[in-house]
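The values are calculated or read from the model by the stated rules, or taken from the named source; none is laboratory data. From a predicted model like this one, the values you see are computed outputs, not experimental measurements. Using ideal geometry, Cβ is built from the backbone for each residue, glycine included, and neighbour counts are taken over all protein chains shown. When the accessible area is computed, the model is the full protein with side chains, heavy atoms only, and any ligands, DNA or RNA have been set aside. Shrake-Rupley method; radii C 1.70, N 1.55, O 1.52, S 1.80 Å.
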Amino acid sequence: MVVYLSGVDVSSSALRFLAARLRERRRALGTRWRRLSAGRQALLTLVHLRNGQPYAQLAAGFGIGTTTVYRYVTEAVELLAALAPTLAEAVRAASMKAYLILDGTLLPIDRIAADRPFSSGQHKKHGMNVQVIADPKGRPLWASPALPGAVHNVRAACEHGIIDALAKADINCWADKGYQGAGGTIRLPYRGRWDSLSARQQAVNRSHAKVRALIEQAIATLKSWRLLRKLQCSTTRITNLVQAVLTLHLASSG
């Protein structure tokens, strides 16, 4: 395999953050020596998450075995995922916001047509449903555990306890028609054909669409980590990957 120098468009603060957490973990475990330093392990993990490079390429680039790559990446991802905010923490931190924005996104996975629980009828592809909460500026605050793609947004929001958590905190949350019937403090646009809506309802829907559009910015921020654009791992690992990416974003933008 040919090895060449390359770059990764990740902030240095994300690298420093992860390296520091890995050093703390090594001290806690009493680790004396490893093939890679904490800084190199952090870089290895960021390259995998950001560029989606397979383990074989990473092993060649870092001069270690594929098994070691898997072990190092898994360790770092689990460490980051454990630092991600819970729903309660995210809602508490957002209590002073004027409102929040909620939407779901599908993370594509490599599954065959027979895997119907993972098939999203809306997107016509297989994937995992992840709910994202953003602030009024379109910055991601929280991402949910991943559910099979066949799960609709309103059901996912109920299962994760999002609706109850927002209602308890009395925080208004803008969402699209996919959350019809959610209740609580979820704010939805008026339903019906555009020409059947009154002028006031049309104005409300236009305003609602402008507010809700900012959630796309939050989702795009998460998917800028290319590994999430086409996941080729066990579906049981996807939640940790999403939470790890969220932690890195919050750490580098805070």
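Go through segment 29-54 and give me each residue that's assigned to a helix (DSSP H, G or I), free of Cβ contacts under 8 Å to residues at least 24 places away in the same chain and surrounded by 18 or more Cβ atoms within 10 Å (Cβ to Cβ). The one that is assigned to a helix (DSSP H, G or I), free of Cβ contacts under 8 Å to residues at least 24 places away in the same chain and surrounded by 18 or more Cβ atoms within 10 Å (Cβ to Cβ): ALA38. So which residues in segment 163-210 are among the aromatic types (Phe, Trp, Tyr) and in contact with a His (Cβ under 8 Å, 6 or more places away or on another chain)? TRP174 - this is the single residue of segment 163-210 that is among the aromatic types (Phe, Trp, Tyr) and in contact with a His (Cβ under 8 Å, 6 or more places away or on another chain).
Within the set THR86, THR74, THR45, the sole residue that is modelled with pLDDT of 95 or more, within 18 Å of VAL8 (Cα to Cα) and either of a type in the set (Phe, Trp, Tyr) or under 19 Å from the mean Cα position of the chain (by Cα) (or both) turns out to be THR45.
In the condition set (1) in contact with a strand residue (DSSP E or B) (Cβ under 6 Å, 6 or more places away or on another chain); (2) without any contact (Cβ under 8 Å) to a residue 60 or more places away in the chain, VAL211 is compliant with all but (2). Scanning segment 222-254 for residues that are open to solvent by 40 Å² or more (accessible area, probe 1.4 Å) and not aliphatic (A, V, I, L, M) yields LYS223, ARG226, ARG229, LYS230, GLN232, SER234, THR236, ARG237, ASN240, SER252, SER253, GLY254.
Taken together, the residues in segment 184-201 that are over 19 Å from LEU214 (Cα atoms) and either open to solvent by less than 40 Å² (accessible area, probe 1.4 Å) or touching a residue at least 40 places away in the same chain (Cβ under 8 Å) (or both) amount to 1. Restricting ARG92, ARG35, ARG25 to residues that are under 20 Å from PRO145 (Cβ atoms) and among the basic types (Lys, Arg) narrows the list to ARG92. Cβ-Cβ contacts under 9 Å between residues 6 or more apart (or on different chains), taken from a first residue in segment 66-95 that is within 25 Å of ALA42 (Cα to Cα) to a second residue that is open to solvent by less than 20 Å² (accessible area, probe 1.4 Å) and among the aromatic types (Phe, Trp, Tyr), are listed as ALA84/TRP142; PRO85/TRP142; THR86/TRP142. In segment 227-244, the residues that are part of a helix (DSSP H, G or I) reach residues that are among the β-branched types (Val, Ile, Thr) and crowded, with 18+ Cβ neighbours inside 10 Å with C-beta atoms within less than 6 angstrom, at least six apart or across chains, in these pairs: ASN240/VAL77; VAL242/VAL130; ALA244/VAL77.
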